[in-house]
Amino acid sequence: MAAENVKSFFIAIDPARHRDQLILPRQFTNRYPDLLGSCVILRDLGGRLWHIEVIRSEDRIILTTGWSDFFSHHSLMFGYMVIFEYRGASTFLTSILDHSACEIHMGDPGGSSTTSQPLPSFQITMSAPRFCHRCIFVPGTFASTNLPRFVNDVQIHDAAGRVWQIGVDSRANGVVRRFARGWAEFYTTKNIRPGDTCVFSLINGDVPAFNVFKVAVGGGEQTMLAILKLTFVLNFSIPRRMKDSNPS
């Protein structure tokens, strides 16, 4: 699926509000009012499909019958994060992060168990303002192991439905070097400060993406900021020296 067609949002779980029903973010439903039918399908990372009834109340879309079964089966707790990626035909791929930002996988019904598997990730502690607000350098070992090469752009999606387009600079061999153009606006909007640490955790999926967390100065719990997606705008240009070496 082309990255520009991927529509996603995330919800931080509060059992008092979300155990029996789930109201989808207004920013998502206002932008895509006709995207969903009277029933949606949630596909978890174990491949199980959950059919959830949808009701509409004024301008809100609410997941009702069937949602509580999904909630209970996945043992959702306060502070867990559920990420929804729209896959077409009223279907979402879902993934769940626990308090340590690890992805949760469930076993089969009847003998289910929950395991947390650390996600590939890297973290950057913000340095002096004149530097850290302009770009984020991606560790070379992480980029060469986990990311496609010759990527030109990434997109950052937050829970309010806002999107930032971020330019990517790459090394000569195509390995991602840094997230640059456009990062400053995201940095300012999300109130990131020198000394804060940003954690980028890779999400499993068809489109490479990261959960972006912030750990404020002095430590404490991670705060989910956004989802960062790699857009497949790839640069396959051949270096001049390679062109010159080809026989005419």
*If residue 65 satisfies every condition in (1) in a strand (DSSP E or B); (2) at pLDDT 95 or above but one, which is the exception?*
(1)
*Name the residues in region 41-55 that are open to solvent by 60 Å² or more (accessible area, probe 1.4 Å), assigned to a strand (DSSP E or B) and of a type outside the set (D, E, K, R), would you?*
49, 51, 55
*Could you tell me whether residue 79 is over 20 Å from residue 210 (Cβ atoms) and of a type outside the set (A, V, I, L, M)?*
no
_Condition check: modelled with pLDDT of 90 or more and of a type in the set (A, V, I, L, M). Does residue 6 satisfy that?_
no
*Which of the residues that make up region 119-170 are modelled with pLDDT under 85, charged (D, E, K, R), more than 25 Å from residue 97 (Cα to Cα) and not in a strand (DSSP E or B)?*
130, 134
*Which one is farthest from the chain's Cα centre (by Cα), of the residues in region 56-74 that are among the hydroxyl-bearing types (Ser, Thr, Tyr) and open to solvent by 70 Å² or more (accessible area, probe 1.4 Å)?*
65
*Within region 90-118, count every residue that is among the polar types (S, T, N, Q) and either modelled with pLDDT of 80 or more or not in a strand (DSSP E or B) (or both).*
7
*Hey, could you check region 19-36 for residues that are over 10 Å from residue 61 (Cα atoms) and either part of a loop (DSSP other than H, G, I, E, B) or in contact with a Cys (Cβ under 7 Å, 6 or more places away or on another chain) (or both) and say which is least open to solvent (accessible area, probe 1.4 Å)?*
35
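The values are calculated or read from the model by the stated rules, or taken from the named source; none is laboratory data. Being a predicted model, the structure only gives us computed values, none of them experimental. Glycine gets a Cβ as well: all are built from the backbone with ideal geometry, and neighbour counts include every protein chain shown. What goes into the accessible areas is simple: the full protein's heavy atoms, side chains included, and nothing from ligands, DNA or RNA. Shrake-Rupley method; radii C 1.70, N 1.55, O 1.52, S 1.80 Å.
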